[in-house]
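In what follows, a structure is listed as C-alpha cells, so that the remarks can point back to it.
The values are calculated or read from the model by the stated rules, or taken from the named source; none is laboratory data. This is a predicted model, so every value here is computed, not measured. Heads up, the Cβs are rebuilt from the backbone with ideal geometry, glycines too, and the neighbour counts pull from every protein chain shown. We work out accessible area using only protein heavy atoms, side chains counted, and drop any ligands, DNA or RNA first. Shrake-Rupley method; radii C 1.70, N 1.55, O 1.52, S 1.80 Å.
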Amino acid sequence: MLEESGMKEQENKPGNQSSYARANYEKTKKLAGYVPRKNSTQETYDRIGFMSGLEVHQQLKTKEKLFCHCPAGIYNESDDYDAEVIRHMRPTLSELGEYDGTALMEFKTRKEIIYRIKNETACTYEVDDTPPFPLNREALGVAIEISLLSKLNVVGEVHITRKQYLDGSIPTGFQRTGIIGVEGELQLKNKKIRLIQLSLEEDSCREISDIGHVRTYKTDRLGMPLIETVTYPDCVNPDEVKEACDYIRFLNRSTGKVRTGMGAGRQDVNVSCRGGTRVEIKGVAHTKWIPELTHNECFRQWSLLLIRDELNKRIKEVSDWKMKTVPLNNNSFVSDYEPIKQARKQKLSFVAVNLPGFGGILSHFTQPGQCFADEISDRLKVIACIEKPHMTHSEDLEQLISEKEFDQIRKLLGSKENDAQIVFWGPEDDIETAIETIEERCHMAFEGVPNETRKSFPDGTTIFERVLPGADRMYPDTDTAPIPLEEEYIENLRKSVPEYVSERIRKMIDWGIPDDTYTYILRNNIYPVIEKIVEELDYDPKFIGTFFGQRMKFVEGHYKPAARFKYKLVYKLFEFLKKNNIEKEIAVNMLPHLYEHPKMDFDSILDTIGFSKNGEKELTAKIPFLVKKFEETKTNGGNENARDWIMGELRKKAIGNLSLSKLSREVEKSIG
C-alpha cells in the first residue's frame, strides 16, 4: 500500500524523536511558505488564494427579549441563580429526512447540559415550556433601519425559521431567526464589500464551563435580540477583513440602538485558501485579532493540502487504509511525564494507535507552534470529551516517552518503517469514541481541509470546536406566522436612518481631524456629538475631533468615573465655555475631573483646577516684563527660546482666558 518514495524519507529519521520532530516541523513550515503576517504582502496572499468573509453579530438595545417579555440586558454572576435545569440533546431529522453533521457530532459527545436560571431574566419560553410570544417590534424596527443603512433590499415578508443548535447553547435545540434584508454593499476605503443578508435572531446562552461530559450555561443572555450581517467572501487579505468588520460595527453603532461592551458584538470569520474549503472561526471577541487569525488559518489550510498531497502519493488505495489499536497496561512503557502518572493513578485506559504511512505527518506544520497531531488532539477533547493532556505520539516536539519505549510499542502494533504512532489515555467509556475520532480525522487528511468551526485565541491560533453546520439544520418555524412589511412602514423607518459611515469619514477628513482618531470616534459613536458641537456652538471641528479622539481616549484609559459617563456631557461642557466666554483650551484640564465626577458642576471644576478670570490686557501686559527678565537671565538666547520660556510662564493663567495661538503671536511681536 505504501509507495517507495514515501518510505525513503522515514528511513533517514534520527534516533531522537523530538529532534526529528522539530526539524520536520521547521522543514514543512518552510515548504508551506509560511511567513509572519508582518512580513506578508498581497503577493503572499495571492499565492495561496486567500479568501474571507464575515458574519457579524450585534445585540440590539431593546427593553425586552426577542420572543418574550423578559427584560433584555440584565446580567448576573455565574453563581447567582434560582434554579437549574438539566437536559440531554439529540438530533432530529430535517424536512428532507436527513441529519445535520454538527448535530450528530454533538450527540456523540454525550453531554449533560445544565442551565442556571434567574427568575428575573427567564420565563417558560426560555426553557422551552411554552411557544414564542409575538416578535419584538422594537427589535424588528432597528433591524430594518440597519438593513437600510447597509443598502440591503428589505424583504416584503419576514419568515421565522429554526436553526438547529445541539451544543446546548439554546434549550430548545434550535435558534429562531428571520432574514430582514438581502444583497447590499459597504464602501470601504479602496473597495466595496458585498453583503449577502442581514438576519434578526435570538441570542444564545452564556457558557460558564465545559469539562468532560458536562457543559454549564447561564440563561440571562438567552433570547436577547441580535442581528447578523453576512458578507460575501470578498476580502483578499487579513487587513481587509478587519476593515470590513470594523465598518459593520461602526455602522451598527451609528444608529445608537445597539448594545456595546464585552460580548455585545461578536464576529464569525470565514476563511479559505485556493483548493481549501470554508472554515469558520467562531466568536472572535476583538477585531484586532482578525488579521492574525485569518493569516494563520489560511496557511493552516494550505499546510493541510500539502499533507493531503503527500499522503495520496504514499498511499494509493485510500479505501484500504486502516489504523491498528492495541490496549496498553501499566507495564507497557515507562514515563516520568506527570499527566501520565496521574492517569495511571486514576486508572484511566491507555491505547496505542498505529497510523500506516503517517511518518512525518504528525509533526507537519499547521499553525505557529502547532502540528497535525494537534488536529487530532483537539477533536479528542471536543468529541470524545477527554480533557487535555491526553496523548503523546512518535513525533512529539517534546519527547514524553523514550524512543526505546516507543520501539516496544511499535512491536506490539506491528508498525512498519513509514508509520506513525499515537498513545492516548482516558476514561474507559470514552475510548471507543476516541478511536473513531482519530480514524475519522486521519481519513479526512486524505481529502484536504475539513469543513469545521474553530475557536479563536488571542495569539492568532485556533482549535477545533465543531463540525461546520450544513443547510440541513434550517427548517421553518411553525409557531410564528409570517410578518408582512408594508412599504409605508419601511419608509417611515428610513427617515431615522443616520448618514453612511463612509460619509462621516469623508467629513472628518475634510475637517482635518487626524485619521488615527477615526476608529475611536466611530467605535464609540461620538461623531454625532462632534457634529452637534461644531454646528451649534461653532467650534473648530479639528480641535473638537482631536479633543475626543486623543484627550478623551487618554482620560478613559487613565481615570475611573464615579458614575456612568455620557459623551453628551462634553457638549454641555463646551456650551458652558461658550456661554461664559472662556477659551476652549481649558476643556483639556477640566475633562479628567468631569470624567471622574460627571455630576459635578462646571464652576466647581474650574475652582478645583485653580482657574481665575483674567482679561486679555492683563495677560499681555506682563509680556514686556517677562521679555526683559529673559534677557537678564538667559543662558541660551534666540527668539524661539524666548517665546517658549515666556509662553511657559503665562500658559497656566492664559488657558481659558486667551487663545494660546493668539498669546503666542503677542509674545513674538514683543521679542521682535
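Exactly one condition in (1) within 23 Å of residue 444 (Cα to Cα); (2) among the aromatic types (Phe, Trp, Tyr); (3) open to solvent by less than 40 Å² (accessible area, probe 1.4 Å) is false for residue 302; which is it?
(3)
Yes/no per residue for (1) in contact with a helix residue (DSSP H, G or I) (Cβ under 7 Å, 6 or more places away or on another chain); (2) in a loop (DSSP other than H, G, I, E, B):
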{"site": "263", "(1), (2)": "no, yes"}
{"site": "269", "(1), (2)": "yes, no"}
{"site": "274", "(1), (2)": "yes, yes"}
{"site": "311", "(1), (2)": "yes, no"}
{"site": "330", "(1), (2)": "yes, yes"}
{"site": "341", "(1), (2)": "no, no"}
{"site": "347", "(1), (2)": "no, yes"}
{"site": "353", "(1), (2)": "yes, no"}
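As an exercise: evaluate residue 307 against (1) open to solvent by 30 Å² or more (accessible area, probe 1.4 Å); (2) of a type in the set (A, V, I, L, M, F, W, C); (3) assigned to a helix (DSSP H, G or I) and give the number of the one condition it does not meet.
Every condition holds for residue 307 apart from (1).
Within the stretch 235-270, count every residue that is touching a Pro at 6+ places or on another chain (Cβ under 9 Å) and basic (Lys, Arg).
Counting residues in the stretch 235-270 that are touching a Pro at 6+ places or on another chain (Cβ under 9 Å) and basic (Lys, Arg) gives 1.
Where in the stretch 359-460 are the helices (runs of 4 or more DSSP H), entirely inside, with at least 1 residues that are under 26 Å from the mean Cα position of the chain (by Cα) and either modelled with pLDDT of 95 or more or farther than 30 Å from residue 283 by Cβ (or both)?
So the answer is 372-382.
Can you pull out the residues in the stretch 313-328 that are part of a helix (DSSP H, G or I), within 21 Å of residue 438 (Cβ to Cβ) and in contact (Cβ under 8 Å) with a residue 40 or more places away in the chain?
Of everything in the stretch 313-328, those that are part of a helix (DSSP H, G or I), within 21 Å of residue 438 (Cβ to Cβ) and in contact (Cβ under 8 Å) with a residue 40 or more places away in the chain turn out to be 314, 318, 320.
Return yes when residue 547 is surrounded by 19 or more Cβ atoms within 10 Å (Cβ to Cβ) and either out of contact with any Lys or Arg (no Cβ under 8 Å at 6 or more places or on another chain) or closer than 26 Å to residue 661 by Cα (or both) and no when it is not.
Answer is yes for this residue.
Name the single residue, out of those in the stretch 479-498 being without any contact (Cβ under 8 Å) to a residue 12 or more places away in the chain and part of a loop (DSSP other than H, G, I, E, B), that is surrounded by the most Cβ atoms within 10 Å (Cβ to Cβ).
Checked the stretch 479-498; the qualifying residue surrounded by the most Cβ atoms within 10 Å (Cβ to Cβ) is 481.
Collect the residues in the stretch 214-235 that are out of contact with any Gly (no Cβ under 8 Å at 6 or more places or on another chain) and among the polar types (S, T, N, Q), keeping them in residue-number order. Before you say what the answer is, go through the steps one by one.
Here is the first cut: in the stretch 214-235, the residues out of contact with any Gly (no Cβ under 8 Å at 6 or more places or on another chain) are 214, 216, 218-220, 222-223, 225-229.
Correct list: 216, 219, 229.
Going by the structure shown, is residue 672 of a type outside the set (S, T, N, Q), open to solvent by 80 Å² or more (accessible area, probe 1.4 Å), on the phi > 0 side of the Ramachandran plot and modelled with pLDDT under 65?
Here the answer is yes, as residue 672 does meet what is asked.
Which residue pairs have Cβ atoms closer than 7 Å, lie 6 or more positions apart in sequence or on different chains, and pair a first residue in the stretch 227-250 that is polar (S, T, N, Q) with a second residue that is outside any strand (DSSP E or B)?
Listed pairs, sorted by first residue: 229/150; 229/248; 231/244; 237/42; 237/45; 237/50.
Output the residues belonging to the stretch 193-219 that are modelled with pLDDT under 95, part of a strand (DSSP E or B) and of a type outside the set (Ser, Thr, Tyr).
Within the stretch 193-219, 206, 207, 208, 210, 211, 214, 215, 218 qualify.
Scan the stretch 70-80 and tell me whether some residue there is out of contact with any Gly (no Cβ under 9 Å at 6 or more places or on another chain), free of Cβ contacts under 8 Å to residues at least 40 places away in the same chain and closer than 17 Å to residue 225 by Cβ.
Checked against the condition, which is being out of contact with any Gly (no Cβ under 9 Å at 6 or more places or on another chain), free of Cβ contacts under 8 Å to residues at least 40 places away in the same chain and closer than 17 Å to residue 225 by Cβ, the stretch 70-80 yields no hits at all.
Give me the residue from the stretch 316-329 that is of a type in the set (A, V, I, L, M, F, W, C) and within 22 Å of residue 411 (Cα to Cα) and, out of that set, least open to solvent (accessible area, probe 1.4 Å).
Among them, the one singled out is 321.
Just one of the numbered conditions (1) surrounded by 22 or more Cβ atoms within 10 Å (Cβ to Cβ); (2) assigned to a strand (DSSP E or B) is not true of residue 222; which one?
(2)
Scan the stretch 500-518 for residues that are in contact (Cβ under 8 Å) with a residue 60 or more places away in the chain, part of a loop (DSSP other than H, G, I, E, B) and either of a type in the set (D, E, K, R) or open to solvent by less than 50 Å² (accessible area, probe 1.4 Å) (or both) and jot them down.
Selection gives nothing.
Check residue 161 against each of (1) part of a strand (DSSP E or B); (2) under 23 Å from residue 494 (Cα atoms) and name the one condition it does not meet.
For residue 161, the failing item is (2).
Take residue 169 and tell me if it is assigned to a strand (DSSP E or B) and either modelled with pLDDT under 95 or open to solvent by less than 10 Å² (accessible area, probe 1.4 Å) (or both). Write out each step before concluding.
Working: assigned to a strand (DSSP E or B): no; either modelled with pLDDT under 95 or open to solvent by less than 10 Å² (accessible area, probe 1.4 Å) (or both): yes.
Against the criterion (assigned to a strand (DSSP E or B) and either modelled with pLDDT under 95 or open to solvent by less than 10 Å² (accessible area, probe 1.4 Å) (or both)), residue 169 does not qualify.
Filter the stretch 446-460 down to the residues that are polar (S, T, N, Q) and open to solvent by 10 Å² or more (accessible area, probe 1.4 Å), then identify the one that is farthest from residue 321 (Cα to Cα).
So the first thing to find is which residues in the stretch 446-460 are polar (S, T, N, Q), and the list is 451, 453, 456.
Then keep just the ones that are open to solvent by 10 Å² or more (accessible area, probe 1.4 Å); that gives 451, 456.
Details: 451: 22, 456: 32 Å.
Out of the qualifying residues, it is 456.
Please tell me if residue 571 is within 13 Å of residue 539 (Cβ to Cβ) and modelled with pLDDT of 90 or more.
Yes; evaluated as a whole, the condition is true for this residue.
Considering the stretch 85-125 alone, what residues qualify as being over 25 Å from residue 435 (Cα atoms), at pLDDT below 90 and not basic (Lys, Arg)?
Selection gives 92, 93, 94, 95, 96, 97, 98.
Return yes when residue 106 is out of contact with any Phe, Trp or Tyr (no Cβ under 7 Å at 6 or more places or on another chain) and surrounded by fewer than 20 Cβ atoms within 10 Å (Cβ to Cβ) and no when it is not.
Judged against the criteria, residue 106 is not a match.
Out of all the residues in the stretch 319-373, which are touching an Asp or Glu at 6+ places or on another chain (Cβ under 7 Å), more than 24 Å from residue 418 (Cβ to Cβ) and hydrophobic (A, V, I, L, M, F, W, C)?
Within the stretch 319-373, just 334 meets the criteria.
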